[in-house]
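**Student:** Shown below is the structure under consideration.
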Amino acid sequence: MKKLVFLFASLFIIVVATQSVKAQESATAESSATIITPISISKNTSAVGGGDLNFGNIAVQSTNGGTVILSTDPEQDREATGGVTLPVSTGIVSPASFTVTGDGERTFSISLPTTSIVLTSGENEMTLGSFESSPSGSSSLSSGTKTVTVGGVLQVNAQQPAGVYTNANGLEVTVNYN
């Protein structure tokens, strides 16, 4: 009987000891984060027209409206369609100009308004839309900076009253790292 008790006790100890031994493995990984220079965009006030989108002086027929197309290229002339004419005295003509700054040579996307902007002079209105940028869609920073210009199409109504037309909310251009 003593042998039987001893045998059961030994078996019990072996079973308990075997169950408490577990095969474990572990590994470690490093954790890190890299903070980069945030991307930013600002109006290029040193550009022609102070960085603003300026269509200059425009004349329109009394019976026929039209459009003025302003390119993203500051050296390119405006184009008039329909009953719109562009006087010899042009006034200030310039695409909007922005400076994008950020981290080194990173790429970024450019988002322009997708709806028209209303320009007003008192109670009178014109619409501005069909925006395009140069570069278009996306680009790369060069040593942490890039100039983006924006042009568009101004819809001029027949008999558009004389005045200086502006928009209260501005032309919003958004950039983001790709």
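**Student:** Tell me which residues, restricted to the range 139-163, are surrounded by fewer than 14 Cβ atoms within 10 Å (Cβ to Cβ) and part of a strand (DSSP E or B).
**Tutor:** 140, 142, 145
**Student:** Still on this model: Within the range 28-62, how many residues turn out to be farther than 25 Å from residue 128 by Cβ and free of Cβ contacts under 8 Å to residues at least 12 places away in the same chain?
**Tutor:** Adding up the residues that qualify gives 8.
**Student:** Identify the residue in the range 52-71 that is among the hydroxyl-bearing types (Ser, Thr, Tyr) and modelled with pLDDT of 95 or more and, among all such residues, is surrounded by the fewest Cβ atoms within 10 Å (Cβ to Cβ).
**Tutor:** Residue satisfying both the conditions and the ranking: 71.
**Student:** So, one more: Check residue 166 against each of (1) more than 17 Å from residue 57 (Cβ to Cβ); (2) surrounded by fewer than 19 Cβ atoms within 10 Å (Cβ to Cβ) and name the one condition it does not meet.
**Tutor:** Among (1) more than 17 Å from residue 57 (Cβ to Cβ); (2) surrounded by fewer than 19 Cβ atoms within 10 Å (Cβ to Cβ), the lone unmet condition for residue 166 is (1).
**Student:** Another one. Keeping to the range 102-125, report how many residues are among the acidic types (Asp, Glu), more than 17 Å from the chain's Cα centre (by Cα) and loosely packed, with under 13 Cβ neighbours inside 10 Å.
**Tutor:** Number of matching residues: 1.
**Student:** Can you pull out the residues in the range 104-136 that are assigned to a loop (DSSP other than H, G, I, E, B), modelled with pLDDT of 95 or more and under 14 Å from residue 177 (Cβ atoms)?
**Tutor:** 106
**Student:** Okay, moving on. Please give the number of the condition residue 77 fails out of (1) under 26 Å from residue 175 (Cβ atoms); (2) in a loop (DSSP other than H, G, I, E, B).
**Tutor:** Of the numbered conditions (1) under 26 Å from residue 175 (Cβ atoms); (2) in a loop (DSSP other than H, G, I, E, B), the odd one out for residue 77 is (1).
**Student:** Could you please find all residues in the range 137-178 being touching a Leu at 6+ places or on another chain (Cβ under 9 Å) and of a type outside the set (Val, Ile, Thr)?
**Tutor:** Those that are touching a Leu at 6+ places or on another chain (Cβ under 9 Å) and of a type outside the set (Val, Ile, Thr): 151, 152, 154, 155, 165, 167, 171, 172.
**Student:** Next up: Can you confirm whether the range 21-39 contains a residue that is within 25 Å of the chain's Cα centre (by Cα), surrounded by 11 or more Cβ atoms within 10 Å (Cβ to Cβ), assigned to a strand (DSSP E or B) and at pLDDT 95 or above?
**Tutor:** There is no residue in the range 21-39 that is within 25 Å of the chain's Cα centre (by Cα), surrounded by 11 or more Cβ atoms within 10 Å (Cβ to Cβ), assigned to a strand (DSSP E or B) and at pLDDT 95 or above.
**Student:** If you take the residues of the range 88-101 that are assigned to a loop (DSSP other than H, G, I, E, B) and surrounded by fewer than 21 Cβ atoms within 10 Å (Cβ to Cβ), which of them is nearest to the chain's Cα centre (by Cα)?
**Tutor:** Kept after step one, since they are assigned to a loop (DSSP other than H, G, I, E, B), are these residues of the range 88-101: 88-92, 95.
Now narrow it down to the ones that are surrounded by fewer than 21 Cβ atoms within 10 Å (Cβ to Cβ): 88-92.
Numbers: 88: 35, 89: 34, 90: 30, 91: 29, 92: 26 Å.
The qualifying residue nearest to the chain's Cα centre (by Cα) is 92.
**Student:** Let me ask something additional. Going by the structure shown, is residue 74 touching a helix residue (DSSP H, G or I) at 6+ places or on another chain (Cβ under 9 Å), closer than 30 Å to residue 132 by Cα, at pLDDT below 95 and surrounded by 10 or more Cβ atoms within 10 Å (Cβ to Cβ)?
**Tutor:** Values: touching a helix residue (DSSP H, G or I) at 6+ places or on another chain (Cβ under 9 Å): yes; closer than 30 Å to residue 132 by Cα: yes; at pLDDT below 95: yes; surrounded by 10 or more Cβ atoms within 10 Å (Cβ to Cβ): yes.
Criteria met by residue 74.
The values are calculated or read from the model by the stated rules, or taken from the named source; none is laboratory data. Keep in mind the model is a prediction, meaning the values are calculated, not measured. As a convention, Cβ positions derive from the backbone with ideal geometry for all residues, glycine included, and neighbour counts pool all protein chains shown.
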